[in-house]
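Please read the structure below before turning to the comments.
The values are calculated or read from the model by the stated rules, or taken from the named source; none is laboratory data. What you see is a predicted model, and the numbers here were worked out from it, not measured in a lab. So basically every Cβ, Gly included, is an ideal-geometry build from the backbone, and we count neighbours across all protein chains shown. Ligands, DNA and RNA are excluded from the accessible area calculation, which covers all protein heavy atoms including side chains. Shrake-Rupley method; radii C 1.70, N 1.55, O 1.52, S 1.80 Å.
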Amino acid sequence: MKATAVAHPNIALIKYWGKRDEERILPANGSLSMTLDGLCATTTVEFGARSEDSAQLDGRRMEGGGLSRIVKVLDLVRVKAGIDARARVVSKTNFPKATGLASSSAGGAAIAMAASRAAGLDLDPRELSILARRGSGSACRSVMGGFCEWLPGKAEDGSDSFATQVAPPEHWPELRMVAIVCEDEPKRVSSTEGMRRTAATSPYFEAWTRTADSDLESAREALLRRDLGALGAIAERNSWRMHAAALAADPPLCYLKPRTLEIIELIEGLRAGGLQLFFTLDAGANPVLLCLASAVPRVEMRLGSFGADLKAVAACPGSGVQAIDRHLF
Ligand code: DP6
């Protein structure tokens, strides 16, 4: 009763920010993302005769909120498989230290596949995405590779809220996302808490969800016709709107740091000089750039002159979650 899976993180071009159901992790709006190649989370799950579930991430024993999310996924798997055994979970990421890239999307997809297979279940991508969603919302988009859309769904039980692939990685192999690490301190307010506060107190929340849904339509079309100019402009606008809604929360949520704005100015300068370069910003200070592979050397050179402590990690569209035979224990 042991299985291992590898998954990649994803970065949203149209953000998920706000839930209509906290317990089932159902989003207030649809979202669209790219799964990133290169970076990955590998997770092994074994069910057996032990008194409690345990989990380890990159050599550290997990506790508190992180562990309860894992136990939630394990509980759902136990009910589906009709088993009672407790699990040992070991997970490892290859993310360069403090990339600011959340490991939760990759980790959530990897545990959904590893736990379900270890329990003898053979879930289809839709069921797997629904299971991954219950651990962390954005994880449902890492089940498939390439470009994925999380359909918000309408059903109360969440059975129609899962991610589907809009286009495979081969659709746009020369597209790159470049994660820029300008701040390595952990953010003070988690995404879960930030979106909860925005939904509860921001007068702009309703406008955010409304515009996110229309942004999604135009972003999907731009993606399908590989129109970087249009896609980049929509993604930037969408992430500004998410941050605007968060800034208007009470108490306000500001994830940006002075260096974030400096990098944004640099991007705008390069763009004014003719380079097709855009950014998106999750609930943190580190921008993720969107450009073509041919632009990466120039971007890296400009960033290099910007500060020696700055790190840039470029990724092309990656694959979905996969089961492997090499277990971590
Ligand atoms: C800003 O998926 O981490 O990255 O569902 O509460 O676990 P929970 O939140 P999480 O939120 C991600 C928010 C975001 C935007 C996005 O990835 O769409």
Check on Gly38, away from the ligand (no atom under 16 Å from the Cβ) and within 25 Å of Leu277 (Cα to Cα): yes
Unique residue being away from the ligand (no atom under 15 Å from the Cβ) and either open to solvent by less than 10 Å² (accessible area, probe 1.4 Å) or in contact (Cβ under 8 Å) with a residue 24 or more places away in the chain (or both) when the list is Arg117, Arg141: Arg117
Which listed residue, of Glu156, Glu127, is among the charged types (D, E, K, R) and in contact (Cβ under 8 Å) with a residue 40 or more places away in the chain: Glu156
So Ala212, is it hydrophobic (A, V, I, L, M, F, W, C) and farther than 30 Å from Asn94 by Cβ: yes
Given (1) over 27 Å from Pro186 (Cα atoms); (2) more than 16 Å from the ligand (Cβ to nearest atom), number of the condition Gly153 does not satisfy: (2)
Flag for Gly48 being of a type in the set (Gly, Ala, Ser), at pLDDT 95 or above and more than 28 Å from Asp325 (Cβ to Cβ): no
Hits in the stretch 1-21 (condition: β-branched (Val, Ile, Thr) and near the ligand (Cβ under 9 Å from one of its atoms)): Ile11, Ile14
Residue in the stretch 251-264 that is nearest to the ligand (Cβ to nearest atom), counting only those that are at pLDDT 95 or above and surrounded by fewer than 15 Cβ atoms within 10 Å (Cβ to Cβ): Cys254
Boolean, Glu63 is free of Cβ contacts under 8 Å to residues at least 60 places away in the same chain, under 22 Å from the mean Cα position of the chain (by Cα) and more than 15 Å from the ligand (Cβ to nearest atom): yes
Test result for Phe306, in contact (Cβ under 8 Å) with a residue 12 or more places away in the chain, closer than 30 Å to Thr198 by Cα, among the aromatic types (Phe, Trp, Tyr) and surrounded by 14 or more Cβ atoms within 10 Å (Cβ to Cβ): no
Test: residue in the stretch 197-207 that is within 18 Å of the chain's Cα centre (by Cα) and either β-branched (Val, Ile, Thr) or open to solvent by 30 Å² or more (accessible area, probe 1.4 Å) (or both): no
Qualifying position, being open to solvent by 10 Å² or more (accessible area, probe 1.4 Å), touching a Lys or Arg at 6+ places or on another chain (Cβ under 8 Å) and either more than 20 Å from Ser138 (Cβ to Cβ) or small (Gly, Ala, Ser) (or both), among Ala293, Ala248: Ala293
Criterion: at pLDDT 95 or above and open to solvent by 30 Å² or more (accessible area, probe 1.4 Å) - qualifying residue of Glu149, Glu156: Glu156
The stretch 159-190, residues that are open to solvent by 20 Å² or more (accessible area, probe 1.4 Å), among the small types (Gly, Ala, Ser) and in contact with a helix residue (DSSP H, G or I) (Cβ under 6 Å, 6 or more places away or on another chain): none
One residue from Ala248, Ala285 being touching a residue at least 12 places away in the same chain (Cβ under 8 Å) and more than 14 Å from the ligand (Cβ to nearest atom): Ala248
Every pair of residues 6+ apart whose Cβ atoms lie under 7 Å, when the first sits in the stretch 202-224 and is under 26 Å from Glu174 (Cα atoms) while the second is open to solvent by 90 Å² or more (accessible area, probe 1.4 Å): Asp215/Arg237
Identity of the residue in the stretch 120-138, within 16 Å of the ligand (Cβ to nearest atom) and open to solvent by 20 Å² or more (accessible area, probe 1.4 Å), that ends up nearest to Leu13 (Cα to Cα): Ser138
Which listed residue is modelled with pLDDT of 95 or more, out of contact with any Cys (no Cβ under 8 Å at 6 or more places or on another chain) and surrounded by fewer than 17 Cβ atoms within 10 Å (Cβ to Cβ), from Ile25, Ile83, Ile70: Ile83
